[in-house]
């Protein structure tokens, strides 16, 4: 039996973080959590690239460019979409999720989806360093683990 298990060790990892400026009070905390998490796991500052985009809808396009560049082992996608009075919430959250997943599958580069989709600002704040921790930190650890898994599978396949 062969078991492949990733490790959140980042001493050689090159990671991109794509973050939405919309709801910046929340996303800034997510980015802070992600970059602190990467540093905690041994990723050098110069191995991290943070790209800010206007909103969550724009995250997949930039993620596609970064993944296609071949420069990154994983990409962390961060945003906060908070329900309003219209269907805009559903459209933006769904397209961000679909687009990020599509990039990951098409390129083979792990793209971690941590675009918060919450009912209220309070729920988003609780997940950006509040009572529910910092989902940016968790996304950073997931990115490193997935980069490790993909590298192991690539080594096993000889590609």
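Values in this text are rule-based calculations from the coordinates and carry no lab data. In this text, all values refer to a predicted model and were calculated from it rather than measured experimentally. Here the Cβ is made from the backbone with ideal geometry for all residues, glycine too, and neighbour counts use every protein chain on show.
So what's the angle, to the nearest 10 degrees on a 0 to 90 scale, between helix 59-68 and the longest Cα principal axis of the chain?
Roughly 20 degrees, rounded to the nearest 10.
Debye calculation, C-alpha points only, no solvent: report log10 I(q)/I(0) for region 15-142 at q = 0.09, 0.10, 0.12, 0.21 Å⁻¹, in the same order as the q values.
Taking Cα atoms of region 15-142 as identical point scatterers yields -0.22, -0.27, -0.39, -1.17.
For the ranges 97-109, 24-36, 44-56, what's the packing order if you count other beta-carbon atoms within 10 Å of each residue, average per peptide, and put the highest first?
So the peptides 97-109, 24-36, 44-56, ranked by packing, come out 24-36, 97-109, 44-56.
Once both labels are modelled 7 Å past Cα along the beta-carbon direction, what's the residue 90-residue 119 spacing in nm?
Going from the residue 90 label point to the residue 119 one covers 1.6 nm.
What's the angle, to the nearest 10 degrees (0 to 90), between helix 88-107's Cα axis and the longest principal axis of the chain?
The angle comes out near 10 degrees.
DSSP beta bridges in the chain, what fraction antiparallel, as a percent rounded to 5?
So the antiparallel bridges amount to about 10 percent of the total.
What value in Å³ per residue do you get for the convex hull of the alpha-carbon atoms in region 92-159?
70
Using only Cα atoms, tell me the angle between helix 135-157 and the longest principal axis of the chain; keep it within 0 to 90° and round to the nearest 10.
30
Counting each DSSP H run of 4 or more residues in the chain as -39500 (n - 2.57), what helix-only mean residue ellipticity at 222 nm follows after dividing by all residues, to the nearest 500 deg cm²/dmol?
-15500 deg cm²/dmol
How many angstrom lie between the C-alpha centres of region 20-98 and region 108-159?
10
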